[in-house]
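Data first, discussion second: the structure below is written as structure tokens.
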Amino acid sequence: MKLASLKGGRDGRLAIVSADLAWATSAHTIAPTLQVALDNWEEVEGPLRALALSLETGGALRERFHEHDAAAPLPRAFQWADGSAYVNHVALVRKARGAELPDSFWTDPLIYQGGSDGFLGARDPIPLASEDYGCDFEAEVAVIVGDVRQGASREEAAKAIRLVTLVNDVSLRNLIPNELAKGFGFFQSKPASSFAPVVVTPDDLTGMWDGARLNGPLEVFLNGKPFGAPDAGVDMTFDFPTLIAHAAKTRALCAGSIIGSGTVSNRGADGGAGKPISQGGLGYACIAEQRMVETLDHGAPKTPFLKYGDEVRIEMRGPKGRSVFGAIEQRVSPCQL
């Protein structure tokens, strides 16, 4: 089952989307918003699935689904907790700023709590006040959970996963070092993230979802050119049930909490950092990794961070080559302070 929030009102209007992303039908008589659906999942899941079946068989009143009409699936959420499940990415980025990687990073998940009071839609521009901030994209996978009790086991966490989607976790790289040096975490360096147009129930990800990870290449394009296609199921040190259980160790998670994977990152065939697309590698899901590899190879980074007018596209295709979540496609635009 595929769901979207069409733009309209602060929290969007819940809609069912067809498997091929061509059609949509309103689900407002079942639940007006996705958050309401998640709050009452046990009661509404059945009716939502029945409506989804009716849409596929031509029985439901339908309209064309246009991805630019979709807000973020949860335009605002009670919680956005983003992990760094691909430790290869953490190692590279920390190396880029001269920071050592503690051994504990391989055994204990790293999660930060991001701003969840407002997310960008998949086709909304990335508002940037200054190119000097070092704007970067980060292509990720995320899950949305139902209620998770404090101290939940990994098995309980796995059962709480309701929906899966993609994320562009925008980062302002040049602001990060000074923030982290204060010892209090990210804030200004992590502006609003953007989400794919559609969220998908795990059972509708046949051949891709193994109960803990989403498998398949995560395609990233920068200004129309391939930038990366790392496999989201490979080199994921901490899977989603592990991340969720970690987040719930000392607090309960309410329905609608979003847990991100962190930037998808694959090692190279030799176990190293991997190669750019232009050199026959899988490339990268953020600019920072490519810059780090350039520094290792040439002594200095060559690829600039995002500038005004740059366009980013993030998408994942299923076994039949069809877009699964729709595409995140954004242009960097000036934002006046």
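The values are calculated or read from the model by the stated rules, or taken from the named source; none is laboratory data. Note that the structure is a prediction, hence the values are computed from the model and not measured. We place every Cβ from the backbone using ideal geometry, glycine too, and count neighbours over all the protein chains shown. Heads up: the accessible areas ignore ligands, DNA and RNA and are worked out on the full protein's heavy atoms, side chains in. Shrake-Rupley method; radii C 1.70, N 1.55, O 1.52, S 1.80 Å.
Which of (1) more than 30 Å from VAL293 (Cα to Cα); (2) over 19 Å from the mean Cα position of the chain (by Cα) is the odd one out, the single condition LEU74 does not satisfy? Of (1) more than 30 Å from VAL293 (Cα to Cα); (2) over 19 Å from the mean Cα position of the chain (by Cα), only one is false for LEU74: (2). No other residue among ALA229, ALA252 is at pLDDT 95 or above and touching a helix residue (DSSP H, G or I) at 6+ places or on another chain (Cβ under 9 Å) apart from ALA229.
Can you confirm whether segment 258-275 contains a residue that is in contact with a Gly (Cβ under 7 Å, 6 or more places away or on another chain), in contact (Cβ under 8 Å) with a residue 24 or more places away in the chain, surrounded by fewer than 24 Cβ atoms within 10 Å (Cβ to Cβ) and of a type in the set (A, V, I, L, M, F, W, C)? No; the residues of segment 258-275 include none that is in contact with a Gly (Cβ under 7 Å, 6 or more places away or on another chain), in contact (Cβ under 8 Å) with a residue 24 or more places away in the chain, surrounded by fewer than 24 Cβ atoms within 10 Å (Cβ to Cβ) and of a type in the set (A, V, I, L, M, F, W, C).
Taking the options THR206, THR237, THR250, name whichever one is over 15 Å from the mean Cα position of the chain (by Cα), assigned to a loop (DSSP other than H, G, I, E, B), within 30 Å of ALA15 (Cα to Cα) and of a type in the set (Val, Ile, Thr). Just one listed residue meets the conditions, THR206. With respect to the stated conditions, ALA181 fails to be in contact with a Pro (Cβ under 6 Å, 6 or more places away or on another chain), open to solvent by 30 Å² or more (accessible area, probe 1.4 Å) and not hydroxyl-bearing (Ser, Thr, Tyr). The set of residues in segment 214-234 that are in a strand (DSSP E or B) and not acidic (Asp, Glu) comprises LEU214, PRO217, LEU218, VAL220, PHE221, LEU222, LYS225, PRO226, PHE227, GLY228. So ILE176 clears everything in (1) surrounded by fewer than 21 Cβ atoms within 10 Å (Cβ to Cβ); (2) in a strand (DSSP E or B); (3) of a type in the set (Val, Ile, Thr) except one condition, right? Which one? In the conditions (1) surrounded by fewer than 21 Cβ atoms within 10 Å (Cβ to Cβ); (2) in a strand (DSSP E or B); (3) of a type in the set (Val, Ile, Thr), ILE176 misses (2) alone.
Given the options ALA4, ALA19, ALA37, name the one that is touching a residue at least 12 places away in the same chain (Cβ under 8 Å), within 22 Å of the chain's Cα centre (by Cα) and assigned to a helix (DSSP H, G or I).
Working: ALA4 fails: assigned to a helix (DSSP H, G or I); ALA19 fails: assigned to a helix (DSSP H, G or I).
The unique qualifying residue is ALA37.
Conditions tested, residue by residue: (1) on the phi > 0 side of the Ramachandran plot; (2) open to solvent by less than 40 Å² (accessible area, probe 1.4 Å).
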{"residue": "GLU56", "(1), (2)": "no, no"}
{"residue": "HIS66", "(1), (2)": "no, no"}
{"residue": "ALA70", "(1), (2)": "no, yes"}
{"residue": "LEU92", "(1), (2)": "no, yes"}
{"residue": "TRP106", "(1), (2)": "no, no"}
{"residue": "ASP117", "(1), (2)": "no, no"}
{"residue": "GLY134", "(1), (2)": "yes, yes"}
{"residue": "ILE161", "(1), (2)": "no, yes"}
{"residue": "VAL167", "(1), (2)": "no, yes"}
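The numbered conditions (1) outside any helix (DSSP H, G or I); (2) surrounded by 16 or more Cβ atoms within 10 Å (Cβ to Cβ) are all true for ALA52 except (1).
Determine whether THR29 is among the hydroxyl-bearing types (Ser, Thr, Tyr), on the phi < 0 side of the Ramachandran plot and part of a loop (DSSP other than H, G, I, E, B). Show your work before the answer.
Working: among the hydroxyl-bearing types (Ser, Thr, Tyr): yes; on the phi < 0 side of the Ramachandran plot: yes; part of a loop (DSSP other than H, G, I, E, B): yes.
Here the answer is yes, as THR29 does meet what is asked.
Those residues that are assigned to a helix (DSSP H, G or I) and either of a type in the set (A, V, I, L, M, F, W, C) or in contact with a helix residue (DSSP H, G or I) (Cβ under 7 Å, 6 or more places away or on another chain) (or both), I need them from segment 156-173; list them, please. Break it down into steps so the answer makes sense when it comes.
Within segment 156-173, the first condition is being assigned to a helix (DSSP H, G or I), and the residues that meet it are 156-159, 173.
Selection gives ALA157, ALA158, ARG173.
For segment 81-98, a residue qualifies if it is part of a loop (DSSP other than H, G, I, E, B) and either in contact (Cβ under 8 Å) with a residue 60 or more places away in the chain or within 24 Å of GLN330 (Cβ to Cβ) (or both), and the qualifying residues are SER84, ALA85, TYR86, ARG97.
Restricting to segment 130-189, name every residue that is of a type in the set (A, V, I, L, M) and at pLDDT below 95. I'd like the intermediate steps shown before the answer.
Initial filter on segment 130-189 (of a type in the set (A, V, I, L, M)): 139, 141-145, 148, 152, 157-158, 160-161, 163-164, 166-167, 170, 172, 175-176, 180-181.
Hits for segment 130-189 are ILE176, LEU180, ALA181.
Residues considered: PHE227, PHE221, PHE238. Of these, the only one that is open to solvent by 20 Å² or more (accessible area, probe 1.4 Å) and more than 22 Å from GLU45 (Cβ to Cβ) is PHE221. The residue that is farthest from VAL199 (Cα to Cα), counting only those in segment 302-320 that are open to solvent by 20 Å² or more (accessible area, probe 1.4 Å) and not in a loop (DSSP other than H, G, I, E, B), is GLU311. Going through (1) buried (at least 19 other Cβ atoms within 10 Å of the Cβ); (2) part of a loop (DSSP other than H, G, I, E, B); (3) under 24 Å from the mean Cα position of the chain (by Cα) one by one, ALA60 falls short only on (3). For segment 321-335, a residue qualifies if it is under 18 Å from the mean Cα position of the chain (by Cα), of a type outside the set (A, V, I, L, M) and assigned to a loop (DSSP other than H, G, I, E, B), and the qualifying residues are PHE325, GLY326.
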